[in-house]
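S.K.: One structure, pasted below without further comment.
Laboratory data are not the source of any read-out in this text; all were calculated from the coordinates shown. In this text the structure is predicted, and so the values were computed from the model without any measurement. Cβ placement follows ideal geometry from the backbone for every residue including glycine, while neighbour counts extend to all protein chains displayed.
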Amino acid sequence: MLSTSLFAQDVKETFSGTRILNGHSVETLKKNTLQFRIEHRFGDLIGVNGGIHNFYGFDQAADIRFGFEYGILDNLMVGIGRSKGTSAPYKSLVDGFVKYRLLTQNKSKKMPVSLSLFASSSLTYQPAVSEISVIQHYPEFAHRIAYSTQINIARKFSERISVALMPTYVHRNLVNSNDVNGLFALGGAFSVKITKGFGVIGEYYHVFTSSTTAVRPDNYNSLSGGLEWITSGHNFKLVLTNSRGFGETQFIPYTFSNWLDKQFRLGFSITRNFKL
């Protein structure tokens, strides 16, 4: 009877929080909720750039981001943030996004999934360099901007297990000659709750590129695993990932590290919600 009662109504918290690990989840903040986020990625844990001489990456900061996000309605939220940037190719980044939850899983209404629509943009304000052959020359202001759009589809199979698919398109206004402006990626993720406040998460984004051109020869797909702790008002995630940057316009096209070469790092995120 308990299970039937739970799934006769809208399913709540398919994933815990508005992010999975690197990417967004299907979730939105409740109306009039303000969230403060801090996210950090360290240097390589092991390998040639990690190990004890760099204290397993803790001596290095791959990227740092802080942001504010706000629920305009229960199914509509916006957010802004600032990142240090990874310097490959961007640093000094500001970003913004809007997310709208279009569908919510509901058994009685025969709605098997939840679905959100997401759009974001990032802008670098780093000084332009004089060398015209590199991206950081920025001949026009528009070359500093990148965009992403996503359809986030998720299903909660039980009180413990959730999965998601995230078809995503990323467009960058300026790229290297061996790259393409637009990229399509398909993300997938799962969450398994061990207890009410503790869970295991996995996330992967596969980027589709042309087989007839030498596109993204040094790039890898983003693969991440993590643990989460949920307390009253806080959500803490510990991440192990080969990505360095934050946001879909960064970790999808600009992941240069390979798990097989021991190029992965620890990171974390922590959030605090305020009801206004």
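S.K.: How far apart, in nm, are the 7 Å Cα→Cβ label points at ASN178 and LEU123?
M.R.: In this crude spin-label approximation the distance works out to 3.2 nm.
S.K.: As I understand it, the dipole of the chain uses +1 on the Cβ of Lys and Arg and -1 on the Cβ of Asp and Glu, about the Cα centre. Which of ILE230, PHE141, LEU117 lies farthest toward its positive end?
M.R.: Result: ILE230, furthest along the dipole toward the positive end.
S.K.: Mind scanning LYS196/LYS237; LYS156/LYS196; LYS84/LYS196 and naming the pairs with a C-alpha gap bigger than 25 Å?
M.R.: Numbers: LYS196/LYS237 15 Å; LYS156/LYS196 15 Å; LYS84/LYS196 34 Å.
In this structure, LYS84/LYS196 lie more than 25 Å apart at Cα.
S.K.: Build a GNM of the chain with springs between Cα atoms under 10 Å: which of LEU260, LEU238, LEU174 gets the top mean-square fluctuation?
M.R.: LEU260
S.K.: Would you mind classifying the chain by shape? Square roots of the alpha carbon gyration tensor eigenvalues, ordered a ≥ b ≥ c; an a/c under 1.5 is rounded, otherwise it is prolate if a/b is larger than b/c and oblate if not.
M.R.: Prolate shape, in that a/c is at least 1.5 and a/b is the bigger ratio.
S.K.: State, to one decimal in nm², a quarter of the convex hull surface area for the C-alpha atoms of region 36-77, i.e. the direction-averaged projected area.
M.R.: So the mean shadow area of the Cα hull is 3.9 nm².
S.K.: What trypsin sites (Lys or Arg not before Pro) in region 189-276 are in a loop by DSSP, with at most 11 other Cβ atoms within 10 Å of the Cβ?
M.R.: The qualifying sites are LYS196.
S.K.: Turning to a different aspect of this structure: So what's the net charge close to PHE118: Lys and Arg +1, Asp and Glu -1, counting the other residues with Cβ under 12 Å from its Cβ?
M.R.: Spelling it out: positives minus negatives among the neighbours equals +1.
S.K.: Of GLN250, PRO127, PHE274, which is farthest towards the positive pole of the chain's charge dipole, taken about the Cα centre with +1 and -1 on the beta-carbons of Lys, Arg and Asp, Glu respectively?
M.R.: PHE274
S.K.: I've got another one for you. Could you work out how much longer the chain between ILE194 and VAL48 gets when fully extended? Use 0.36 nm per residue separation minus the Cα distance between them, nm to one decimal. Working shown, then result.
M.R.: Working: separation 146, 0.36 × 146 = 52.56 nm, distance 3.46 nm.
Additional length available on full extension: 49.1 nm.
S.K.: Roughly how large, in nm² to one decimal, is the mean projection of the convex hull of the alpha-carbon atoms in region 188-276? Working shown, then result.
M.R.: Working: hull surface 29.7 nm².
Taking a quarter of the hull surface, the average projection is 7.4 nm².
S.K.: Over region 6-101, with a single point scatterer placed on each C-alpha, what log10 of the ratio I(q)/I(0) does the Debye formula yield at q = 0.13, 0.14, 0.15, 0.20 1/Å?
M.R.: Results for region 6-101 at q = 0.13, 0.14, 0.15, 0.20 Å⁻¹ read -0.59, -0.66, -0.72, -0.99.
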